[in-house]
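A quick write-up on the structure given underneath.
What follows is calculated from the coordinates using simple rules that are stated; it is not laboratory data. If you're wondering where the values come from, they're calculated on a predicted model, not measured in any experiment. Cβ sites come from the backbone with ideal geometry, for glycine too, and all protein chains shown count toward neighbours.
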Amino acid sequence: MKKIILIFLLLLTTGCYDFKELNSLAIIEAIGVDYQDDEYIVTFEILNDKKLENTNIDNSRKTTLVTTKDKKFVKAFEDAIKATPKDAYFYQLKLLLITEDLASHGIEDITDYLIRLHKVNKSLYMVMVDDTTIPDLLALNIDNEPVISTAILDLISKNPKLSPVNTSDSFDLMLNTILKKGSDIAIPSVKPENDTIALSTTKLFNDYHYTGSLTEEETKTYFLLKDSVYDIYYEDGPNTIAIYDNKVSYDYDNDTITITFKAEGSIKTIDEKYDLRNSNTYISLSKEYSNLIKEDILSLIKASKENNSDFLGLGTLVYNKTPKSYYDGCGFAKKIVVKANINVNRNGLVYEVVK
Amino acid sequence: MITKRQYKFLSFFLTRGLFLGTGFSLMLNSSGPDTLIASILGIILGFIFITIYYQIYQKKNPLKLNILNKILLLLLVIIILNDGLFCLTTLISSFYLIKTPPFLITSFLTIVIFVSSKKGLNTFARVAELLMPYAVLLIFIKTISFFPMIKTGNFFPILNESIPGILKTILIMASLTAIPQILLLSTPKEKLTFKDYSIGYLLGSISIILLIIPIIGVFGFPLARIYRSPEYMILKKLNLINFLEHLENIFSTSWIIDIFILGGMCSYIFNDKIIEKKSLAKYLTPLFLIGMTFLAVFVTSHYPIVLFLYNNSYLILLILTFLYLLSLILKKKKSST
């Protein structure tokens with residue numbers, strides 16, 4: 001009797017009811033959403049498997065694209081699922097690609113829908129696409145990169161020098177930033193360049209709407225404040241140093257926000273007038289680059305204010321300390337003091353300038 | 001005979017059993033970033049509750065229940081077991097087995113509960129002892145893995161939420177952790193000392209705090225508050241040594257163990273304390289569990305009832321517990337006059 005019950009339980013309780021063959025799944029790596037002429041355009045990038053490669057679809061491509069459009073995002077999304085050749089599988093979803101048109105219209109519809117859907121992996125990254133449409137970007141043929149979404153993901157998250165995104169920029173945590181008082185999001189963007197994909201500038205949002213973008217220099221400064229970098233070059237005339245081991249802290253006290261930035265610097269190129277055997281050289285270089293970076297941080301804060309996007313979270317500092325005195329935009333209204341301290345302490349393998 | 005260590009383990013699992021599905025999201029919604037402080041205060045209040053239970057029960061040896069006591073205990077057992085079963089069924093049918101009928105999911109769980117509790121409390125306590133290292137391992141790995149992702153800024157501002165919200169969280173924490181301990185106090189208590197009982201409670205409560213910390217620290221309270229099951233969604237963030245991902249299904253098995261122990265204790269109480277006569281219990285216990293299966297499935301498929309229980313089950317449990325303890329005290333007074 002016990003054996004019969006055991007066999008009965010084994011047959012019915014091992015999850016076979018919901019079993020899905022891998023071959024029956026359409027694994028979706030990226031979703032693209034655009035907004036044109038009052039319609040949402042949804043694109044899925046689906047991984048090809050052998051069966052699809054045997055159809056009339058181009059055999060050299062490792063992915064298939066499915067594009068649908070509708071006035072409502074939910075309908076366009078569901079139509080794309082229906083147009084998918086097999087059972088749409090979103091647990092491997094890695095990227096959400098959006099365009100400037102959609103971002104200007106607002107991302108609240110897509111955010112609300114995707115955060116509610118249980119079958120969508122929430123640890124995906126949102127990236128804006130510049131200078132091209134999403135289907136054109138996903139249809140690029142790049143050597144050694146058969147899957148474009150993987151190429152984009154490697155570009156934004158696995159760069160050894162700096163990663164525009166880390167785990168705290170995943171879709172769900174990014175939504176927390178939007179919902180939080182005093183914070184806005186800033187997302188990376190990509191563009192096609194010379195038959196490949198390159199990083200473009202950082203795009204700024206106020207709440208759910210796109211408000212502007214940073215220049216390349218401002219983007220570099222933003223990465224310095226955001227996360228650890230390694231070997232980011234800073235030039236000042238003939239001198240170039242590489243920044244590494246950066247740390248930043250924010251403090252709010254007595255109506256003043258203090259941003260303290262510390263980093264190490266190593267000399268990459270130097271004017272021949274400098275004597276690298278003299279410690280004063282390093283002190284003067286440290287002072288020079290500290291002022292340079294301080295100016296860059298102040299200009300980044302100015303860009304944040306001009307674009308009305310508190311992506312540095314200055315308002316959150318105020319809210320966390322004095323919630324009763326918080327109001328929208330109060331982070332920009334406070335006095336901001338920037339302290340930058342770059343310690344240039346390495347000169348490479350040689351003491352002389354060989355020019 | 002149940003050993004002291006087994007009592008501690010049973011107490012540990014009972015503390016955690018009712019938290020799945022209701023506790024975390026309700027507390028976060030009530031008190032936002034103050035949830036951590038309020039839940040610690042809730043543990044202190046829960047500790048006072050369990051001290052009161054223990055004092056009442058210590059005076060009675062053996063525990064003899066009259067009809068009123070049995071009815072109130074039965075209602076408590078039904079609410080506790082139903083909460084556990086429907087929360088687990090909702091979790092499994094929402095995230096794991098979406099197409100499987102909820103009836104299949106609940107019925108197999110109740111079969112396992114029935115078979116294991118049929119062997120008696122000694123065997124059941126031994127099962128709890130065997131499952132303990134696995135549960136502790138999961139808690140330990142979860143705690144270590146989340147710490148690098150925690151942002152201290154997410155815990156602020158503190159003491160900014162409304163006082164009623166904080167008080168509600170304190171009550172929720174106290175009731176959902178302490179009330180299932182009543183089941184343990186109905187067991188033969190030759191070896192059950194207050195020390196065993198309270199250590200299990202404190203360790204179980206600490207394990208809940210160790211999950212609240214990353215929920216707020218990683219998600220932030222605006223996001224954690226909107227999730228229906230933040231305790232499951234946080235597991236999706238687990239990433240061991242930057243290599244192992246999608247481990248949420250393995251780590252959520254600790255709740256299956258918690259509900260299994262809770263269900264087993266409920267079944268034992270029904271068998272031994274409410275029915276008492278072994279000849280009757282042989283037939284009534286399986287019928288009771290079948291009834292609970294249907295009730296849990298019925299509740300799962302009627303969302304207004306789910307919402308009602310989600311918002312009020314802690315209050316219902318508090319009221320029933322209060323009435324049950326009052327009936328025991330009055331019974332004692334009556335028998336002494």
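Report the Cα centroid-to-centroid distance between region B:219-244 and region A:296-342 in angstrom, as an integer.
Going from one Cα centre to the other spans 28 Å.
Could you give the C-alpha radius of gyration of region B:4-336 expressed as a fraction of 2.2 N^0.38 Å, taking N as the number of residues it contains? Intermediate results must be reported in sequence, preceding the final value.
Numbers: Rg = 19.4 Å, N = 333, 2.2 N^0.38 = 20.0 Å.
That ratio works out to 0.97.
Test of understanding: ordering A:258, B:90 by Cβ neighbours within 10 Å, fewest first, what list do you get? It would help to have the intermediate numbers written out before the result.
Details: A:258 16, B:90 22.
Final ranking by Cβ density, sparse to dense: A:258, B:90.
Ordered by residue, what ³J(HN,Hα) values in Hz, to whole numbers, does region A:126-135 give under the Karplus form 6.51 cos²θ - 1.76 cosθ + 1.60, where θ = phi - 60° and Gly and Pro are x?
Each residue's phi maps through the Karplus curve to give 9, 9, 8, 10, 10, 6, 7, 8, 5, x Hz.
What is the Cα radius of gyration of chain A over 2.2 N^0.38 Å, N being its residue count? Could you put the intermediate results ahead of the total?
Numbers: Rg = 24.9 Å, N = 355, 2.2 N^0.38 = 20.5 Å.
That works out to 1.21 for chain A.
Using a 10 angstrom cutoff on alpha carbons, build the Gaussian network for chain B and name the most mobile of B:240, B:14, B:85.
Between B:240, B:14, B:85, it is B:240 that shows the largest mean-square fluctuation.
Starting with the fewest neighbours, write out A:220, B:278 ranked by other beta-carbon atoms found within 10 Å of each beta-carbon.
Working: A:220 19, B:278 9.
Ordered from fewest to most neighbouring Cβ atoms within 10 Å, A:220, B:278 come out as B:278, A:220.
What distance in nm separates the simple spin-label points at residue A:341 and residue A:101, each placed 7 Å from Cα in the Cβ direction?
The modelled label-to-label distance comes out at 5.1 nm.
Can you work out the Karplus-derived ³J(HN,Hα) for every residue in region B:114-130? Use 6.51 cos²θ - 1.76 cosθ + 1.60 with θ = phi - 60°, whole Hz, and x for glycine or proline.
So the Karplus estimates, Gly and Pro as x, are 4, 5, 6, 7, 5, 6, x, 5, 4, 5, 5, 5, 5, 4, 4, 5, 6 Hz.
Round to the nearest 10 and give me the degree value, 0 to 90, for the angle of helix B:194-214's Cα axis relative to the longest principal axis of chain B.
The angle comes out at about 20 degrees.
Provide the net charge surrounding residue B:18, with neighbours chosen by a C-beta distance below 14 Å and charges set as Lys +1, Arg +1, Asp -1, Glu -1. Spell out each step's value before the answer.
Values: positive: B:16; negative: B:83, B:231, B:258.
Spelling it out: positives minus negatives among the neighbours equals -2.
For a quick check: sort A:310, A:109 by the number of other beta carbons within 10 angstrom, fewest at the front. Don't skip to the end; give the middle numbers.
Details: A:310 28, A:109 17.
Starting with the residue having the fewest Cβ neighbours, the order is A:109, A:310.
Can you pull out the trypsin sites (Lys or Arg not before Pro) in region B:91-121 that DSSP calls coil and that have at most 13 other Cβ atoms within 10 Å?
On the way: sites: B:99, B:118, B:119; in loops: B:99, B:119.
Answer in residue order: B:99, B:119.
Measure nothing fancy, just the Cα-based angle from helix A:2-12's long axis to the longest principal axis of chain A, in degrees from 0 to 90, nearest 10.
The helix A:2-12 is inclined about 70 degrees to chain A.
If you project the alpha carbons of the protein assembly as shown onto the principal axes, what extent comes out on each, in Å, largest first?
Rounded to whole Å, the extents work out to 103, 67, 48 Å.
Taking chain A as a Gaussian network, where each spring joins two C-alpha atoms under 10 Å apart, which residue of A:313, A:329, A:237 fluctuates the most?
Maximum among the listed residues: A:237.
Determine the sum of side-chain charges near residue B:138: Lys and Arg each +1, Asp and Glu each -1, restricted to other residues whose C-beta is under 13 angstrom from that of residue B:138.
Details: positive: B:16, B:142; negative: B:231, B:248, B:258.
Charge balance near residue B:138 sits at -1.
Could you pull out every residue, at least 5 positions away or on a different chain, whose amide H is within less than 5 Å of the one on residue A:212? Hs are placed 1.01 Å off N in the peptide plane, and Pro or chain starts have none.
Sorted by chain and number, the residues that satisfy this are A:204.
Of all the C-alpha pairs in region B:76-227, what % are more than 18 Å from each other?
Numbers: 8382 of 11476 pairs.
Cα-Cα pairs of region B:76-227 separated by over 18 Å account for 73 percent.
What percentage of all Cα-Cα pairs in region A:24-213 are separated by more than 28 Å? Please list the in-between numbers first.
On the way: 3584 of 17955 pairs.
Tail of P(r) above 28 Å: 20 percent of Cα pairs.
For a bin width of 5 Å, list the pair-distance distribution of region A:227-346 built from all Cα-Cα distances, rounded to whole %.
So the P(r) values, bin by bin, are 2, 11, 19, 19, 15, 12, 9, 6, 4, 2, 1, 0.
Collect residues whose amide H, placed 1.01 Å from N in the peptide plane, falls under 5 Å from the amide H of residue A:347; neighbours closer than 5 in sequence don't count.
Here the answer is A:267, since their amide H atoms fall under 5 Å of that of residue A:347.
For residue B:71 and residue A:115, what does the FRET efficiency come to when R0 = 35 Å and r is the distance between their Cβ atoms, rounded to the nearest 0.05? The partial results should precede the final answer.
On the way: r = 45 Å, r/R0 = 1.28.
Result of the calculation: an efficiency of 0.20.
Answer with one residue from A:348, A:31, A:4: the one whose Cα lies farthest towards the positive end of the charge dipole of chain A, charges on Cβ with Lys, Arg +1 and Asp, Glu -1.
The residue sitting most towards the positive pole is A:4.
If N is the number of residues in region A:93-180, what value comes out of its Cα radius of gyration divided by 2.2 N^0.38 Å? Walk me through the numbers on the way to the answer.
Numbers: Rg = 13.7 Å, N = 88, 2.2 N^0.38 = 12.1 Å.
This ratio for region A:93-180 stands at 1.13.
Helix A:216-226 versus the longest principal axis of chain A: what angle, 0 to 90°, nearest 10, using Cα atoms?
Computed tilt is about 80 degrees.
Can you pick out the pairs among B:64/B:195; A:158/B:142; A:191/A:302 whose Cα atoms lie more than 28 Å from each other?
none
In whole Hz, with x marking every Gly and Pro, tabulate ³J(HN,Hα) for region A:256-261 from phi via Karplus 6.51 cos²θ - 1.76 cosθ + 1.60, θ = phi - 60°.
My calculation for region A:256-261 gives 10, 9, 10, 10, 10, 10 Hz in order.
Efficiency by 1/(1 + (r/R0)^6): what FRET value for residue A:108 and residue A:268, r their Cβ-Cβ distance, R0 = 35 Å, to the nearest 0.05? Mind dumping the intermediate values first?
Numbers: r = 45 Å, r/R0 = 1.28.
With a Förster radius of 35 Å, E is 0.20.
Less than 9 Å Cβ to Cβ from residue A:316, Lys/Arg counted +1 and Asp/Glu -1: what total charge do the surrounding residues give?
Net charge around residue A:316: +1.
For residue A:128, what residues show an amide H to amide H distance below 5 Å, using hydrogens built from the backbone and excluding near sequence neighbours?
Placed amide hydrogens put A:98, A:189, A:190 under 5 Å from residue A:128.
What is the mean number of Cβ atoms from other protein chains located within 10 Å of the Cβ atom of each residue in peptide B:240-251, rounded to a whole number? All intermediate terms of the calculation are to be shown ahead of the outcome.
Working: counts 0, 0, 1, 0, 0, 2, 4, 0, 0, 1, 0, 0.
Averaged over the peptide's residues, the number is 1.
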